[in-house]
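No lab work stands behind these numbers, since they all come straight from the coordinates. Fair warning: this is a prediction, and the values are worked out from it, not measured in the lab.
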Amino acid sequence: MGKIKVLIVDDEADYLSLMQERLGFWGYEVLLAVNGKLALTLIKENQPDIVILDYFMPGMDGIEVLRQIRKFDQKIPVIMFTAHADIKNIKGAQELGVVAFIPKLSAYSTDIAASLRSVLAMEQKKIEASKG
C-alpha cells in the first residue's frame, strides 16, 4: 500500500510549509491548497485520504469548503484547525462530519503536534482497514 495522502488547506503559506514538512517527516504524502476552490479541485483530481482544513480563510471559509466536499464525498476524514474555536464553529463542523477540531494557534506546540499525529494515525488505520 502507498503512502496515505493528506491535503492541507490554509491561506497562510508559512503554515502550509511547516505542516508539509512535519507531515512529510511523519511519512505522509502531502498536497497543499491555499484556498477552498483549489482544495475542491485537488480533492476531485487527487483523491486524498485525509483533509486538514483551516476554518478561517478569505473567500470560502472552512465550513463552506466542508459543505462542498460533503456534496461529493461523505466519507473523507476532515480535521479542522481554527484560531478561534467557539461552540458554534465546532457544532457546525461536527454536523458535517469533522473527525477532530484542533486549535490552530497552538499547532506549533508539541502537544498539538502529538494530537494531530494521533488523529492522523487513527484515520490511517481506518483507511487501511477499509482497503483490506
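Given just the C-alpha atoms of region 1-68, how large is their convex hull per residue in cubic angstrom?
Cα-based convex hull of region 1-68, divided per residue, equals 71 Å³.
In plain terms, the chain from E95 to M122 could stretch by 7.7 nm, reckoned as 0.36 nm per residue minus the Cα-Cα distance.
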